[in-house]
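Every number here is computed from the coordinates shown, using simple stated rules; none is lab data. Computed from a predicted model, the values in this text were never measured in an experiment. All Cβ positions, even for glycine, are placed from backbone atoms using ideal geometry, and neighbour counts span all protein chains on display.
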Amino acid sequence: MKTIIKTVCFILIFNLSALAANFAVKSSGGGDFTTIQSCASAMSPGDTCTVYAGTYNESVSVPAGTAGNYKTVTVNGSDVVTVTGSITMGSHTKVNGFASTGCFATGASTDAYITHNQILSGCNGTKIEVAAGATYIYIQGNTLAGPCGACDGIRVQGSHVLIDGNDISRYRLGVNCYCSYTITRNNTFHDQYETDSGQHTDAWFSEPDSSHVQAAHYNVIEGNYHTNAVGPNAKGFLFQGDACGGNCSNAIVRFNSAYLIDGTYTTNDLTTFNYVKEYNNTWVNTRVDGYNGYFTDYYVNTNASDLNSIFYYPAAVNGLNPYACDGSVCSSMNYGHALAYCTGGCGNLGGHLYGSYGNWTSDPGNVIADPLFVNYSTQNFHLQSGSPAIGAGTSLTTANGSGSNRTSLVVNDASYFQDGYGLANPTVQADCISITTVTNHVCITAVNYSTNTLTLASPISWSNGDSVWLYSKSDSVQVLTGSAPDMGAYPYGSGGGSAPAPPSGLSAVVN
């Protein structure tokens, strides 16, 4: 009987899959539908609407599919398809390949994919809106271009969101995060002008306020490239918990690079946002006076870190803290093993304590030396052979107690790591770590931040106090390639150019 039931179930599943329809949408006729909305409304779970070249003067709402049976709306091949209004997505839906002068919105949906679209203007103050209550949203390979005043590129109020491989420009806030359990990785942020919005602008911004009071915590910003931010308050990443009641915390900022930024880069100078962990970043050609004399600052957040990074100034510098903390915050900050270089000389370059200049090399592992970039003029910030940054980094934390052939590892600080946040594999991988020796590596399956416990995919052994390094990050890229971590965002031998490639295969659309 069990065999018969399994066979019947298989046949039913096979038949449902075989019955999935692919409808053609052609605005001039000759297809199954002439409007996208009429096709979307007619779809059943598992169906696809393929839209052919043309301009569609409509706003589209894609009704929900079911788990494993998406409703998909996609562009035919390389056709240019413009939607003048908004595109709103239900749960278990996919929208791919459109050019839009409106915006994309998820509502409180789950399991939705926004991929390889070009969004030029936006609506209601944003180009892609992930609403409160939305979960497991994948925003990948899109181009968000064209000024829209005080308009955000991507506003995220939900949780469990992947923002990956997008090209984002001409924004007030590139990613505006009232969000948790998100990964923003391998995006290019560029051409950011204060004059577009008439106010401060940031590539990635988290400042919950009285209108957006949900806590922001457990967010990863990884492998992004940021360039040409113009204006004294055109900055990189900002973490402030104005309305969080102390509940905003835990951000990982790693393997990012920036070039030609007018303002400061990472800042937390208003309200508590604890456990901001920065490591292995490359900051190049920033405004050398920073904001009151620093480039990254930790003023009101405890348990911050700034490790293994490179700060490169193509000028003389006199009186600057590349990273800075103040007051009691300094006692809980983990800092050092960083490289600074000033082509005109680093005079009076300070260490971690804000306003205390001239002691950069007093912080553990810090050096002043030319990092030997492959090619500064083309913004290739990989390291040449012989770079003093190779193997000069440090471990992130240490084992707290010993273990023999175990899968539960307690460390002194687990907030350096992420476990994938439940985002779809293989799209997002949990961190893999090395412990005791760099060749002894294993992947994480879960992180308990309150107990600093890492659950491991396979058993290993360690001793109390053994070093713990990051071996590979959320995109499975190995970052530990030698006997110790390299400084900066590009481990030696990791290849290619410094910036993530922008999305390809999109045709320009002019308003």
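So how do Leu144, Leu454, Leu19, Leu120 line up by other beta-carbon neighbours within 10 Å, fewest first?
By the 10 Å Cβ count, ascending: Leu19, Leu120, Leu454, Leu144.
Rounded, prolate or oblate, given the Cα gyration tensor of the range 397-472, with a/c below 1.5 counting as rounded? Mind dumping the intermediate values first?
Working: a/c = 1.82, a/b = 1.49, b/c = 1.22.
It comes out prolate by the Cα gyration axes.
Run through every distinct alpha carbon pair of the chain and return the Kirkwood hydrodynamic radius in angstroms, one decimal place. Intermediate values should be presented prior to the final figure.
Working: mean 1/r = 0.0419 Å⁻¹.
Taking every pair of different Cα atoms in the chain, averaging 1/r and inverting gives 23.9 Å.
So if R0 is 41 Å, what FRET efficiency would Ala21 and Thr445 give, r being the distance between their Cβ atoms, rounded to the nearest 0.05?
On the way: r = 39 Å, r/R0 = 0.95.
The pair Ala21/Thr445 has a calculated efficiency of 0.60.
Would you mind ranking Ser305, Ser450 so that the residue whose beta carbon has the fewest other beta carbons within 10 Å leads the list?
Ordered by Cβ neighbours within 10 Å, fewest first: Ser450, Ser305.
Give the order of Ser467, Ser408 when sorted by the count of other beta carbons within 10 angstrom, beginning with the fewest.
Result, fewest neighbours first: Ser408, Ser467.
Once both labels are modelled 7 Å past Cα along the beta-carbon direction, what's the Asn228-Ser385 spacing in nm?
The answer from the label model is 3.5 nm.
Let me check I've understood the local charge: for Asn308, count other residues with C-beta under 10 angstrom from its C-beta, Lys and Arg +1, Asp and Glu -1. What total comes out?
Around Asn308, the surrounding residues sum to -2.
What would the Debye equation give as log₁₀ I(q)/I(0) for the range 315-386 at q = 0.18 Å⁻¹, counting only Cα atoms as equal point scatterers?
Calculated log10 I(q)/I(0) at the listed q: -0.74.
For the range 74-159, just say rounded, prolate or oblate: build the C-alpha gyration tensor, square-root its eigenvalues into a ≥ b ≥ c, call rounded for a/c under 1.5, and beyond that prolate if a/b exceeds b/c, oblate if not. Numbers along the way, then the final one.
Details: a/c = 1.97, a/b = 1.13, b/c = 1.74.
It is oblate, given that a/c is not under 1.5 and a/b is not larger than b/c.
Using per-residue counts of other Cβ atoms within 10 Å, averaged over each peptide, order 149-161, 107-119 from highest down. Write down the numbers at each step before the final one.
Numbers: 149-161: 24.0, 107-119: 22.2.
Highest-to-lowest ranking by the protection proxy: 149-161, 107-119.
For n ≥ 4 DSSP H runs only, could you compute -39500 (n - 2.57) per run for the chain, divide by its residues and tell me the 222 nm figure to the nearest 500?
-1500 deg cm²/dmol
Work the Kirkwood hydrodynamic radius out for the range 132-260: mean of 1/r over every pair of different alpha-carbon atoms, inverted, in Å.
In the range 132-260 this quantity evaluates to 14.4 Å.
Can you list residues from other chains, or at least 5 along the same chain, whose modelled amide H is less than 5 Å from the amide H of Phe417?
HN-HN under 5 Å from Phe417: empty list.
If I stretch the segment between Asn359 and Ser78 completely, what's the gain in nm (0.36 nm per residue apart, minus their alpha carbon distance), one decimal?
Using 0.36 nm per residue and subtracting the Cα-Cα distance, I get 95.5 nm.
Students often forget the sequence filter, so: which aspartates and glutamates lie under 20 Å Cα-Cα from Lys26 once same-chain residues fewer than 8 apart are removed?
Result set, ordered by chain and number: Asp47, Glu58, Asp79.
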